[in-house]
Amino acid sequence: MAIIIDGKKIANDLCKKLSQKINILKVEHNIFPCLKVILVGSNPASQVYVRNKQKKAESVGINSETVVFSDNLSEDELIEKISELNKERFVHGILVQLPLPNHISASRVINTVSVEKDVDGFHDENVGRLVKGERNCLIPCTPKGSLDLIKLVESNLSGKNAVVIGRSNIVGKPMFHLLLQENCTVTILHSQSKDLAEYCSKADIVVAAVGKPNFVQKNWIKEGAIVIDVGINSVNIGGKPKLVGDVDFDGVKEKVKAITPVPGGVGPMTIAFLMINTVIAACLQGKVDAYDFVSSGL
Ligand code: GUN
């Protein structure tokens, strides 16, 4: 019987422990972690994600505010707002929800957020630090949360074959580097890849992040593999919308060691790691050793 990884419970447990750490930061270091979330436009999915981030921040004791702009905001106006937040000493984390409207360069915006406040880990400097495997850097939340789930099932990943499906900057590429740092042999598959089933059939770990409902099939997967489903796709079943992942969950779960459900798998972990990154950012700015402070006891 496969382990159905309960990301919701694991994320809640992490947040409870984090909340205790936040109290220590407040009482012993006089640091009050603060996260600003920026939403441009009215993308319904983004509105839901941002609301969930804000709610979780409040529940763990992080001061948080969401700043909403209409989608006719100019790129320069957004840059100006971020530059103001960069200068605010009490703001530790800045997150600009993606996607941005087409007239705004996401790359310019991401690289305007100061490196120490970049809780998404998307700034070029943080990407470089991740690739080099440096300590105390801010790492993208979804891959970090996904790795945490994998390591709860299998703590030593050395020598494992891992396949990442999808090469986005948000998930696929950082996931590749995190698995590589764990000494996995990592393959990235993408829209132009051939023989996907063949690569997957050799993988001990499969991370699917393609955004296609039920893309990964049972006959692709090796017996006893760990499967992490990052996809969140809305499909219409019997006239009703339903959230499904990138993996054919019902088929695949019959032959794997462990699998994440959608919803309730990776999604809550992304938010938990955003909270953790905000605390790491607050530690970095308050000259507290983030690595020791956050990693011990979480
Ligand atoms: N849109 C989808 N995922 C993410 C994320 O992890 N961070 C931000 N800022 N936007 C997103």
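Brief remarks on what is shown
- Net charge contributed by nearby residues that have their C-beta within less than 14 Å of residue 13 (K/R +1, D/E -1): +4
- FRET efficiency for the residue 59 to residue 218 pair, using the beta carbon distance and R₀ = 51 Å, is estimated at 0.85.
- A Förster radius of 45 Å, combined with the Cβ-Cβ distance separating residue 19 from residue 195, puts the computed FRET efficiency at roughly 0.45.
- Relative to one another, the C-alpha centroids of the range 191-209 and the range 72-100 are positioned 37 Å apart.
- Protein heavy-atom surface of the range 1-113, 1.4 angstrom probe: 51% of the accessible area is carbon and sulfur, with nucleic acids and ligands not counted.
- Summed side-chain charge close to residue 23 - residues other than residue 23 whose Cβ falls under 14 Å, Lys, Arg +1, Asp, Glu -1: +3
- Residues residue 168 and residue 102, FRET efficiency given R0 of 30 Å [Cβ-Cβ distance, rounded to 0.05]: 0.95
- Our coupling estimate for the range 11-21, obtained by passing each phi through the Karplus curve with A = 6.51, B = -1.76, C = 1.60 and θ = phi - 60°, is 5, 5, 4, 4, 5, 4, 5, 4, 4, 5, 5 Hz, Gly and Pro reported as x.
- In this structure, the pairs whose alpha-carbon distance is over 21 Å, taken from 16/53; 194/222; 16/87, are 16/87.
- Based on protein heavy atoms only, the chain ends up with 47 Å² per residue of surface accessible to a 1.4 Å probe.
- Distance between the range 226-298 and the range 41-60 - C-alpha centres, whole angstrom: 15
- The apolar share of the surface of the range 142-298, taken as the fraction of accessible area on carbon and sulfur atoms (1.4 Å probe, ligands and nucleic acids excluded), comes to 51 percent.
- Other residues with beta-carbon under 9 Å from the beta-carbon of residue 223 carry, at +1 per Lys or Arg and -1 per Asp or Glu, a net charge of +3.
- Only helices enter the 222 nm calculation for the chain: every DSSP H run of n ≥ 4 contributes -39,500 (n - 2.57), and dividing by all residues gives -13000 deg cm²/dmol, rounded to 500.
- Residue-span extension gain [residue 181 to residue 12] - 0.36 nm each, minus C-alpha spacing: 58.2 nm
- With a simple spin-label model that places each label point 7 Å from the Cα along the Cα-to-Cβ direction, the separation between residue 289 and residue 233 comes to 4.6 nm.
The values are calculated or read from the model by the stated rules, or taken from the named source; none is laboratory data. Keep in mind it's a predicted model, so treat the numbers as computed, not measured. With ideal geometry, Cβ positions are generated from the backbone for all residues, glycine too; neighbour counts draw on all protein chains shown. With ligands, DNA and RNA removed, areas are computed over all heavy atoms of the protein, side chains included. Shrake-Rupley method; radii C 1.70, N 1.55, O 1.52, S 1.80 Å.
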